[in-house]
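Here's the structure, in structure tokens; my notes come after.
Computed from the coordinates by the stated procedures, all read-outs in this text should not be read as laboratory data. Quick caveat, the model's predicted, so the values are computed rather than measured. Note that each Cβ is placed from the backbone with ideal geometry, even for glycine, and that neighbours are counted across all protein chains shown.
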Amino acid sequence: MSDPWRSSGMHELDPDAMKRFRSVEGQFLEITSNLGFQEIRTPTIEPLHLYTTAGALSPQLLDRAYSFLDWDGWSGERVVLRPDATVPVARWFADSGRSEARVSYIEPVYRFESSDADRELWQCGVELFGPNSLEGDPELFQVAIALLRGLKVKGLRVELAHAGLIRAALTAVGFDPIEQIAAYSRVLQGGPALMDELSLARPEGIGVLRLLADVDGESSGYIANLRTTILPFVPSAEESLNELENAVRALDSLEVDYRVLPATTSNFEYYTGVTFRMIANDSEIIGGGRYDGLTESVGGTAAPAAGFAASLSRLGDLINDGSKV
């Protein structure tokens, strides 16, 4: 039952919950600092155009942003409570004049929910600017796995995808960039309707798209099979396959269970390369990926970039419910 004296979706932390919060917070900051990441903090209130210009918010997430007018006499600016942490960090990097940066953060994001679900979401995350995919993606995995192993999370598995790979397939089928967004949304929803339509209208590329949507794997051999099957029809996919293979090798070296599900990237407009979800007890606890175009869209120069975010409260719950070695 909702509390009439408290805003829906906003939560207090009692002393026990705060102990778990501080425990996760402390370990996160220690581990990331030891790996070369420096903590920053971004504003709670941001201009709405920061997110719309960057194209970082899907229509669904944009509808859930807490937006209001920052009144100033007869004029004002539309602002939002920070609905995403990565975009402000990318803006910071774009303004910093740096060519490379490794940063961490702990701060809440705010997203409206019509149900009693959380609307204030405390996140911890890291962003890596400068290293390209072949160098940066393995480093990002190392940080995430070090955090989860430091917290003694068990039952960990990783789901890998690649936004560029599915984008190359959609281009080969004949979709322009705007059409790709709507088509990929239908791919994520599943069902045969889109594939049946494409089989009739654009049969030349449907086999590749169907392969990426319907077949997954759990070894480097799967990537080799993709390479043999896809490249004759979609030569532009070679770089994406190289990056995906590099990610698989990194997870092999970290001895982590994984599955490659190529067509499962969320926030398709946002990510450009390898994306991943880290899961424990059938619940996503870390999500992230590569977004090489973001710094340019917020006023800076183009820079390779990737990062991940985790729910700090979810990590605390894993510690509390005994989900550790």
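Couple of notes before you dig in:
- Amide hydrogen proximity for ASP84: with H placed 1.01 Å from N in the peptide plane, the residues at 5 or more positions away or on another chain lying under 5 Å are TYR110.
- Ellipsoid equivalent to the chain - semi-axes via the Cα gyration tensor, in Å: 32, 25, 20
- The HN-Hα couplings worked out from phi for the range 227-233 by the Karplus form 6.51 cos²θ - 1.76 cosθ + 1.60 (θ = phi - 60°) are 4, 5, 7, 8, 4, x, 9 Hz, whole numbers, x standing for Gly and Pro.
- For the chain, the relative contact order works out to 25 percent when only alpha carbon pairs closer than 8 Å and six or more residues apart are counted.
- Here the spin labels are modelled as points 7 Å beyond Cα on the Cα-Cβ line, and at ASN34 and SER96 they lie 2.2 nm apart.
- Cα centroid of the range 134-171 to Cα centroid of the range 200-276, whole Å: 13
- Result for the chain in a Gaussian network model with C-alpha springs under 10 Å: among ASN281, ASN246, ASN132, the largest mean-square fluctuation is at ASN281.
- Taken over the range 82-135, the percentage of Cα pairs per 5 Å bin, counting from 0 up to the bin with the maximum distance, is 4, 17, 23, 19, 15, 10, 7, 4, 1.
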